[in-house]
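Below: the structure, in structure tokens.
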Amino acid sequence: MAQLAIAVLIVIIGSAICSGTEVALLSLPLLKARQLAQNRNPATVALLAIREKVNRPIASIVILNNVFNIVGSFVVSRIAAGLFGNVMLGVFSGLLTFLIILFAEIVPKTVGERYAEQFGLLVAIPVRSLTWLMTPIILVLERLTAPLVQGNQRPVTNEAEIKLLAMLGYQEGLIEDDEAELIQKVFRMNDIAAEDIMTPRVAITYIQGGQSLESAQQEIMQSQHSRIIVTGEELDEVLGVALKAELLAALVQGRGQDPVTSCMRQARYIPATERSDKLLKTFQTAREHLMVVVDEYGGVSGVVTLEDVLEVLIGEIVDETDRNVDLQALARQRRRRLLQRQGFQTDLKRH
């Protein structure tokens, strides 16, 4: 009887360890394993190696689990057959099946999923050793199953999952509400184009480059913008961009007869369809704060600033010089008044 009890314990404990290990390794996210491995501990490094190439370790665990379940059950049945009659043997087999289901499957898998990190670190090094020992068997199995498992590898995560994790982290109090909101806005950047955040052409402040600084003095001083577009005869003929501070400095220095173009710098152009995330990188690379937005025909649609892009992330930025907070709303009002002066009755809304 003692021999039977030992055999049953070996089967249940061995199978339970395999079941718990399998679930723990599959439940631990790869990103978490990479984070743990930063301390260079042997267990964490081994765990990361397993998670990065999990197929062979899991195959090793499954093989060992089946050895316990099949071979162990066979041995237990042989021992039990010599101790019990036919009726008692049937009862014992049913009881053994119940114990295996409960204590070798359900309980260890639940524990492995709940304590995946601790369980994974505990078994990482033994699993690597087991995988190395079973490599010849696994190679044969991989050859046999290769036609069935070929296909593209799934990504570690995706945008929707990260958004969901941010929302769940906020709901559980792990991250602040402003942090969760910022994460959501970061992913919106590639959905927002330059035309969605630019100052439309009807609201652009510009001066003609051919006139003198003295004649343009009033326009310069009334501008609420630190950068002013310099044009030719038409707005679509952009010559460059001038800093308001440099224009005023030139006037103070007595250079009122110089043309406006003497104080301007080269303008940079971007298409109206340029995404906000790429636009932010362009601003950083070019070390510019304003760019001219052009449509598919090369006409000026508006201007976009670094501040406009940052407002996608952190909301409206208003300083003490801003008289109009929403320049796109101002542009729509100007367009409505223009159409009404031309005899059109309109109830234009945002397009």
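The values are calculated or read from the model by the stated rules, or taken from the named source; none is laboratory data. Computed from a prediction, not measured in an experiment: that's the story for all the values here. Note that each Cβ is placed from the backbone with ideal geometry, even for glycine, and that neighbours are counted across all protein chains shown. The area values use the complete protein model at the heavy-atom level, side chains included, leaving out ligands, DNA and RNA. Shrake-Rupley method; radii C 1.70, N 1.55, O 1.52, S 1.80 Å.
Each Lys and Arg adds +1 at its Cβ and each Asp and Glu adds -1 at its Cβ; summed about the Cα centre, region 85-236 shows a dipole of about 1260 debye. Along the chain, counting only chymotrypsin sites (Phe, Trp or Tyr not before Pro) with a DSSP assignment other than H, G, I, E or B and at most 15 other Cβ atoms inside a 10 Å radius, the longest segment between sites is 116-296.
Around the Cα centre of region 21-98, unit charges on the Cβ atoms of Lys, Arg, Asp and Glu (plus for the first two, minus for the last two) sum to a dipole of about 340 debye.
At 25 °C and a viscosity of 0.890 mPa s, what translational diffusion coefficient does Stokes-Einstein give for the chain, taking Rh as the Kirkwood radius over Cα pairs? Give it in µm²/s as a whole number.
Translational diffusion coefficient: 90 µm²/s.
A dipole drawn for the chain from +1 and -1 charges on Cβ atoms has a positive end, and of Asn41, Val292, Thr110 the residue lying farthest that way is Thr110. Under the criterion of Cα pairs below 8 Å and six or more residues apart, the relative contact order for region 1-92 equals 44 percent. With a cut-off of 14 Å between beta carbons, the residues surrounding Cys263 carry a summed charge of 0, where Lys and Arg count +1 and Asp and Glu -1. Applying 0.36 nm per residue to the separation of Glu214 and Ala160 and subtracting their alpha-carbon distance, the gain on full extension is 13.8 nm.
Element breakdown for the chain at a 1.4 angstrom probe: carbon and sulfur atoms account for 57% of the accessible area.
Using the alpha carbons alone, the radius of gyration of region 28-93 stands to its Kirkwood radius in an Rg to Rh ratio of 1.36.
Simple rule: put +1 on each Lys or Arg Cβ and -1 on each Asp or Glu Cβ in the chain, find the dipole, and look at Ile137, Val260, Ile229; the Cα lying farthest toward the positive end is Ile137.
Using only the Cα atoms of region 223-314, build the gyration tensor, take square roots of its eigenvalues as a ≥ b ≥ c, and label the shape rounded, prolate or oblate: rounded if a/c is under 1.5, else prolate if a/b is larger than b/c, else oblate. Because a/c hits 1.5 or more and a/b fails to exceed b/c, region 223-314 counts as oblate. Each Lys and Arg adds +1 at its Cβ and each Asp and Glu adds -1 at its Cβ; summed about the Cα centre, the chain shows a dipole of about 1440 debye. Normalised size of region 100-251, defined as Cα radius of gyration per 2.2 N^0.38 Å with N residues, equals 2.16. Remark: the Cα gyration tensor places region 169-232 in the prolate category, a/c being 1.5 or greater and a/b exceeding b/c.
May I ask you to list the GluC sites (Glu not before Pro) in region 163-264 that are in a DSSP loop and have at most 15 other Cβ atoms within 10 Å of their Cβ?
Glu172, Glu176, Glu214, Glu233, Glu234, Glu237
Kirkwood analysis of region 1-123, using all unique Cα-Cα pairs, places the hydrodynamic radius at 15.7 Å. Heavy atoms of the protein chains alone define the surface here; on that basis the chain has 63 Å² accessible area per residue at 1.4 Å probe size. Close Lys pairs in the chain, defined as Cα atoms under 30 Å apart and 8 or more places apart or on different chains, number 18. Shape index of region 70-126: Rg/Rh, with Rg the Cα radius of gyration and Rh the Kirkwood radius from the inverse mean 1/r over Cα pairs, equals 1.19.
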